[in-house]
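Some notes on the structure that comes next.
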Amino acid sequence: MANDFSRGKVSRSIVSQAIPLTLAQLVQLLYNVVDRIYIGHLPGADNMALTGVGLSFPVIILVAAFTNLFGTGGAPLFSIARGAGEDKKAEQILGNVFSLLLGSSIIIFLFCYLLRRPVLYLFGASDASYVYANQYLSIYLFGTAFSMLSTGLNGFINAQGFPHVGMMTTVLGAVLNLILDPVFLFVMDMGVGGAALATVISQLASMIWVIRFLTGKKALLVIRRNNLKIRWSLAKNIMGLGASGFIMQGTNCLVQVVCNNTLQMYGGDLYVGVMTVLNSVREVLSLPVGGISSGAQPVLGYNYGAKAYGRVKAGIRFSAAVGIAYTGLAWAVVMSCPRFLISVFSNDPAMQEVGPQALNIYFFGFFFMAFQFAGQSVFQSLGYAKRAIFFSLLRKAIIVVPLTLVLPRLGLGVTGVFFAEPISNAIGGLASFLTMWLTVYRKLPTEGNT
């Protein structure tokens, strides 16, 4: 059975999950990346419109953080329960995650929408860039519930062994976004707000798709009304395990705020726009290694619940090796064509002048990121919540933020902001991976099929 991760080669199970998940994540990423590409080429906007959208990133990341808190916290517990044959408990987890996502999305929308002006200035907006940031964010926020429910619940489709259905969740929305973006931006001349409206409509379509599947007859385990009442004992476990993903995204939000403000101080709006491009390139190039990690999680969690420890170890080895090989190749690609990668998002002469050097610095030693993904994935898949949380904090909050604040003041200026990323990848990634290898992998029994 395709839904039984205890059969066949572990590598094949991971790949069969990872390919559609990677495609789904790629399509999901198109929501925002396509917006940035179109916005970066708006006539007469130069790099200011792109800078404005970049100032909205911390809010978008905050939404993703709460999505991870419940979605990535519930999905591994769901997989473990399913692997142990506890279907009733698995459905309770699914129902509770639905309610937690919906309730938190309403609170986030109200808070961010009502306070968006002071928040955007706190995030590094200038009077010029605020105009574009406000146009985008004031519309984008209306899709908060759509985004959180579609993304947060999609993992439960994948965890049941339906990765192709999960892929369609994001394909549907992204294709719609690809169609609506140029219509709203260029045909209807709606500007930055048009890109946000296209995203909201697309997220609504994705949410409808995922909820219809998880309440329909094709799903093995479904959302049931009697499981929607939040059970705080379950919610505590969900949030305990999801805290790793929450902190990872939350610290991403913190890093983005610190970076924007530091770049604004030492370089102005131009460098905030450059960072928007660098983040976009990083998100795209990180997708395959993220897909392998995401594909491995339900397989590792299922076999761990079934006590097939030999298969768990084989899955860890395979996913780590593939991730390291890919990120090494991705680094070579970045080094070979930095100017082209910048031009995808903007042909502005000022951006072309400073962007390639910043890109080369930011991506130096990119393969170290694979070590972070591998360690975090194992901790989260097997329920080691505290370790997952610690290493989420280590790389971003403990390493990147201080470096972003200190290096520019040591005479490096804006270059210091870009150096913080590769330094944190090396230190944080190796620390996460080695701890996982020594404290989890080596202590797993070798019994079981591989």
(request) Taking residue 87 as the residue in question, decide whether it is more than 21 Å from residue 218 (Cα to Cα) and either basic (Lys, Arg) or open to solvent by 10 Å² or more (accessible area, probe 1.4 Å) (or both). (result) no
(message) Can you say whether residue 254 is within 17 Å of the chain's Cα centre (by Cα), open to solvent by 20 Å² or more (accessible area, probe 1.4 Å) and under 28 Å from residue 26 (Cα atoms), as far as the supplied structure shows?
(response) yes
(request) Collect the residues in segment 415-430 that are polar (S, T, N, Q) and open to solvent by 30 Å² or more (accessible area, probe 1.4 Å), keeping them in residue-number order. (result) 415
(request) Determine which single condition residue 218 fails, assuming it passes every other condition in (1) touching a residue at least 12 places away in the same chain (Cβ under 8 Å); (2) within 29 Å of residue 78 (Cβ to Cβ); (3) more than 23 Å from the chain's Cα centre (by Cα); (4) in a helix (DSSP H, G or I). (result) (4)
(message) Looking at segment 119-132, I want the residues that are closer than 9 Å to residue 51 by Cα and have a partner that is polar (S, T, N, Q) and assigned to a helix (DSSP H, G or I) with Cβ atoms under 8 Å, at least 6 apart or on another chain. Which pairs are those?
(response) 129/51; 132/51
(request) Give the number of residues within segment 402-450 that are within 16 Å of residue 266 (Cα to Cα), of a type in the set (A, V, I, L, M) and assigned to a helix (DSSP H, G or I). (result) 8
(message) Test of understanding: among 340, 379, 371, which residue is part of a helix (DSSP H, G or I), touching a residue at least 40 places away in the same chain (Cβ under 8 Å) and open to solvent by 20 Å² or more (accessible area, probe 1.4 Å)?
(response) 371
(request) Restrict the check to segment 130-153 and report whether at least one residue is among the aromatic types (Phe, Trp, Tyr), surrounded by 21 or more Cβ atoms within 10 Å (Cβ to Cβ) and touching a Gly at 6+ places or on another chain (Cβ under 6 Å). (result) yes
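Is it the case that some residue within segment 157-166 is at pLDDT 90 or above and either of a type outside the set (Gly, Ala, Ser) or closer than 17 Å to residue 23 by Cα (or both)?
no
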(message) Taking the condition of being closer than 13 Å to residue 260 by Cα and open to solvent by 20 Å² or more (accessible area, probe 1.4 Å), how many residues in segment 402-414 meet it?
(response) 2
(request) Would you mind finding the one in 166, 103, 124 that is surrounded by 24 or more Cβ atoms within 10 Å (Cβ to Cβ), on the phi < 0 side of the Ramachandran plot and of a type in the set (Gly, Ala, Ser)? (result) 166
(request) Quick one: which helices (runs of 4 or more DSSP H) lie wholly within segment 41-157 and hold at least 3 residues that are under 25 Å from residue 393 (Cα atoms)? (result) 57-83, 87-114, 116-122
(request) Report yes if residue 323 is under 19 Å from residue 443 (Cβ atoms) and part of a helix (DSSP H, G or I), otherwise no. (result) no
(message) Against the conditions (1) surrounded by fewer than 21 Cβ atoms within 10 Å (Cβ to Cβ); (2) charged (D, E, K, R); (3) touching a residue at least 24 places away in the same chain (Cβ under 8 Å), where does residue 386 fall short? Just the number, please.
(response) (3)
(message) Is it the case, given these coordinates, that residue 364 is in contact (Cβ under 8 Å) with a residue 40 or more places away in the chain, open to solvent by 50 Å² or more (accessible area, probe 1.4 Å) and not in a helix (DSSP H, G or I)?
(response) yes
(request) Identify the single condition in (1) under 19 Å from residue 244 (Cα atoms); (2) at pLDDT below 90 that residue 96 does not satisfy, given that it satisfies every other one. (result) (2)
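The values are calculated or read from the model by the stated rules, or taken from the named source; none is laboratory data. No experiment lies behind these values; they were computed from the predicted model shown. Reconstructed Cβ throughout: ideal geometry from the backbone, glycine too, with neighbour counts over all protein chains shown. We work out accessible area using only protein heavy atoms, side chains counted, and drop any ligands, DNA or RNA first. Shrake-Rupley method; radii C 1.70, N 1.55, O 1.52, S 1.80 Å.
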